[in-house]
Amino acid sequence: MILALFDTSPRAASPRGVAPRGVAVADPPPDVASPSVPEVSVPGAPAREVPVSEVSVPEAPAPEIPAPDVHHPRVDCMADSTVGLTFTVRLFDKDAREIAASQVPESAAVLLRLRHHHGPDASLRLPLTPVAADGRLRAILPSTTQLPEGRWDAYLSLADEEPQRLLPGVHDLRSLVSGGSPSDAHAWLGVRIPYTTKNGNLAVRAWLRRPHAEAGTLRVEDGAMVLRGRLHGARLSATACLEALPRDTAASPVRVAVRPDSEGDFGPERAPEGPERTPEDADARHSARDFTVELPFASLLPGHQAWDLWLRPSAYEEPVRLARILDDIPDKKRIFTYPSRRVSDRDGAIHSVKPYYTINNNLSVQVTTENGQAERE
Amino acid sequence: MHISFLIFSAYGMGGTVRTTFNLAQALAEQHEVEVVSVFRYRDRPFFEPDNGVRLSSLVDMRRHRPTFDGDDPEHARPARVFPAADGQYKQHSALTDRKIGEYLSSTEADVVVGTRPGLNVHVARQTRRGPVRLGQEHLTLATHSARMKRLLRRTYPRLDAVTTVTEADARDYRSTLRLPGVRVQSLPNSVPEPDVAPADGSRKWVVAAGRLAPAKRYDVLIRAFGEVVRERPDWGLRIYGHGREADKLRKLIDELGLYNHVYLMGSANPIEAEWVKGSICAVTSSLESFGMTIVEAMRCGLPVVATDCPHGPKEIIRDGADGLLVPTGDVRAIAGGLLRLINDEGLRTRMGKAALSASARFDPAQVAARYEELMTSLVNRRAGTLHRARGTLLGGAYAAREAARLGVKYALEGART
């Protein structure tokens with residue numbers, strides 16, 4: 001008779017978050033401390049995940065309430081210290097009045113779609129559940145969920161309707177500023193930064209790397225650049241080197257030795273970025289290692305091309321791309337910029353050399369031949 | 001009361017738009033409030049008014065719309081009511097003159113509020129008999145040209161009240177313009193409580209935000225931060241905003257070798273999420289008619305190191321209690337102020353907390369209550385007196401005499417600003 005009651009008035013009999021005893025529950029209720037890991041699903045496939053704590057009645061499924069007419073849904077994002085992301089959605093009707101969580105079908109979800117990709121790994125559904133505190137709907141991307149590298153566009157998925165783009169709200173990313181605590185507990189290093197796209201929609205920029213070589217302070221000297229960085233997930237051996245690989249494969253790679261920094265070596269060259277490091281956790285638990293490397297500009301001459309910078313932990317290991325991803329800034333290219341230096345090659349031709357970050361936040365160096373500058377020098 | 005705000009464009013993202021919406025929304029708790037935008041450039045405003053605030057526009061500048069007014073020949077003829085002395089004269093036209101005039105002569109509002117001098121002139125000259133006429137000054141009298149000052153002296157006597165954003169500017173209005181029968185009152189801009197938890201003072205970043213314009217003196221801030229870095233290389237500076245100084249500032253950062261410590265971040269909206277990533281706010285302007293960013297940062301729990309420039313900062317910050325005031329343009333003093341807070345975490349945290357509670361006085365609800373008081377008393381005063389006629393006559397007489405007497409002085413002031 002309980003089932004009959006559900007059939008006539010499913011919402012009244014089964015408030016969210018309450019599971020009547022003796023009835024099968026699809027999933028354990030979520031909580032912030034131990035969020036359930038969402039499944040990666042094929043885009044367009046019927047939504048399988050039963051939102052948490054919904055009572056399922058196999059023979060006579062409780063009819064879902066019809067999806068409300070949602071206009072301009074916004075989402076507030078919050079990054080926690082373990083680099084999990086919480087999405088809190090605010091839904092509005094056509095008169096810009098906020099829609100209550102109880103008006104939203106329980107299958108509602110935040111849908112992340114990897115731009116320019118299709119297939120099972122290109123879509124992720126994060127179920128929306130009401131928060132007791134403010135009655136809003138919330139979805140969680142746990143730090144334990146891997147998000148393949150790229151730009152993930154965020155959508156609101158309501159019942160069978162075509163998902164609609166989510167608009168950015170207030171993004172509290174302060175815990176990302178100093179790199180958060182990229183956990184080495186996993187076998188990978190994941191960074192996810194919510195941002196506003198050119199069209200004003202919400203997307204999440206993701207990196208998934210291991211090992212990872214994080215670029216830190218970079219000084220442009222007269223004839224060289226001096227880079228400090230930190231290697232995550234690999235050890236620096238005595239044969240560790242920086243490799244500059246030319247985009248134009250006709251030139252040969254340039255290799256220079258990398259010097260591991262000793263404890264407390266972060267003297268006057270310190271910069272505000274990068275997590276605070278205590279000596280005891282440097283190598284043992286985190287296996288992260290700070291290094292300094294000096295790349296002479298003359299080694300990149302002559303020529304007119306870009307060089308991509310990699311770090312090879314040892315002669316026997318694959319090189320790791322140098323990048324700057326451990327903070328709250330999704331696009332480094334325009335914010336982390338460096339002066340250029342003019343350097344002459346053996347024949348006296350002048351080149352302009354300038355380190356820069358690519359659109360994917362990888363570190364490269366651009367060498368530009370300055371025509372007609374030679375005589376002036 | 002029915003309150004109507006007249007604004008250049010409610011579709012922009014500048015300070016006047018923000019503060020007008022904040023005030024309108026707070027007043028809408030008790031009153032019928034509309035915002036009338038002279039121009040409409042976008043389908044949707046950056047800041048969506050809610051709480052029942054009605055938004056309408058007079059001239060449609062959206063090219064893709066059949067209602068587009070930009071090609072109207074009337075819009076090609078110069079404005080006669082909107083004054084040439086106002087910086088936005090060029091955008092206005094005979095069409096805006098007519099549309100604004102039609103709106104003001106038929107409005108049902110009890111109180112009409114103009115939000116910049118040019119629009120205040122419209123309100124003074126074209127509002128039908130009946131409604132209270134209120135003109136807001138979001139800049140300062142001192143920064144207006146001599147021509148503008150003469151115009152205001154002639155026109156403002158037909159207003160019931162002029163509001164300024166600082167007490168210092170209100171004093172200027174009272175002493176230099178002398179507007180008989182016109183209430184001159186300072187009412188600060190309002191800033192709502194942010195949607196993020198306040199900063200806790202633990203992050204090693206100084207944050208600044210605002211247009212990259214010469215008056216903001218970010219060059220001074222960058223030089224001062226160079227001195228900070230020499231002592232505390234573990235701290236950084238983020239500057240939010242865009243503007244024509246960007247390239248110059250970029251060069252300065254590179255020249256001083258500060259590119260690992262000072263970052264030009266571009267614009268951010270909402271800015272509150274960026275304030276809380278830092279622990280100290282820096283404002284090094286040579287001029288702040290109010291100082292909206294100071295209040296915004298304080299509402300996020302940041303102590304502010306600000307130059308003691310005219311007029312806003314000293315009316316917002318209590319020096320040594322909830323922030324620090326330093327001499328304008330003084331690189332060493334600014335660096336000193338920043339280092340004092342950087343090197344003393346206890347002081348930083350205490351001042352941050354003091355800033356958080358002191359800035360509550362700028363909450364829209366509190367500012368709106370003061371506006372409501374002013375508006376109510378003006379509506380009541382109007383109800384029974386003929387003051388308008390008297391004020392206008394007196395104002396006209398004063399204006400003629402004073403303009404002749406002060407013409408030379410105004411010209412000098414104009415040259416100085």
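Every number in this text was worked out from the coordinates using simple rules, so none of it is lab data. Computed from a prediction, not measured in an experiment: that's the story for all the values here. With ideal geometry, Cβ positions are generated from the backbone for all residues, glycine too; neighbour counts draw on all protein chains shown.
Residues of the stretch B:179-221 with backbone nitrogen within less than 20 Å of a virtual label 7 Å along the Cα-to-Cβ line of residue A:196, please, listed as ranges. Answer for the stretch B:179-221: B:191-197, B:207-213. Once both axes come from the Cα atoms, what is the angle between helix B:387-416 and the longest principal axis of chain B, in degrees from 0 to 90, rounded to 10? Computed tilt is about 40 degrees. When the trypsin sites (Lys or Arg not before Pro) in the stretch B:81-151 are filtered for DSSP coil states and for at most 16 other beta-carbon atoms within 10 Å of their beta-carbon, the remaining sites are B:128, B:129.
Relative to the longest principal axis of the Cα atoms of chain B, helix B:117-126 runs at roughly 20 degrees. Taking other Cβ atoms within 10 Å as a rough exposure proxy, B:140, A:337, A:358 sort from fewest to most as A:358, A:337, B:140. Ordering A:357, A:319, A:335 by the projection of their Cα atoms onto the charge dipole of the stretch A:317-375, which places +1 on the Cβ of Lys and Arg and -1 on the Cβ of Asp and Glu, puts A:335 at the extreme positive end. Under the simplified labelling scheme, the residue B:318-residue A:221 pair shows an inter-label distance of 5.2 nm, with each label point 7 Å from Cα along Cα→Cβ.
Multiplying each eigenvalue of the alpha-carbon gyration tensor of the stretch B:3-73 by 5 and taking the square root yields semi-axes of 24, 12, 10 Å, largest first, rounded to whole angstroms. Rounded to the nearest 10 degrees, the angle from helix B:94-106 to the longest Cα principal axis of chain B is 70 degrees.
For the stretch B:205-362, the percent of C-alpha pairs falling in each 5 Å distance bin, counted from 0 to the bin holding the largest distance, reads 2, 10, 21, 25, 23, 13, 4, 1, 0. Convex hull volume per residue, computed on the Cα atoms of chain B, equals 143 Å³. Radius of gyration (Cα atoms) of the stretch A:127-245, expressed as a multiple of 2.2 N^0.38 Å: 1.41.
If you take every DSSP beta bridge whose two residues both sit in the stretch B:205-362, what share of them, in percent to the nearest 5, is antiparallel? Within the stretch B:205-362, antiparallel bridges account for around 5 percent of the total. Placing R0 at 41 angstrom, the Cβ-Cβ distance between residue A:164 and residue B:200 gives a FRET efficiency of 0.65 after rounding to 0.05.
For the residue pairs A:198/B:353; B:149/B:251; B:149/B:314, the alpha carbons lie more than 32 Å apart in A:198/B:353; B:149/B:251. Take every Cα pair under 8 Å whose residues are at least 6 apart in sequence, average their separation, divide by the length of the stretch B:205-362, and the relative contact order is 24 percent. When you restrict to C-alpha pairs under 8 Å that are six or more residues apart and normalise by the size of chain B, the relative contact order lands at 15 percent.
Rounded to the nearest angstrom and listed largest first, the equivalent-ellipsoid semi-axes of the stretch B:248-303 from its Cα gyration tensor are 23, 15, 11.
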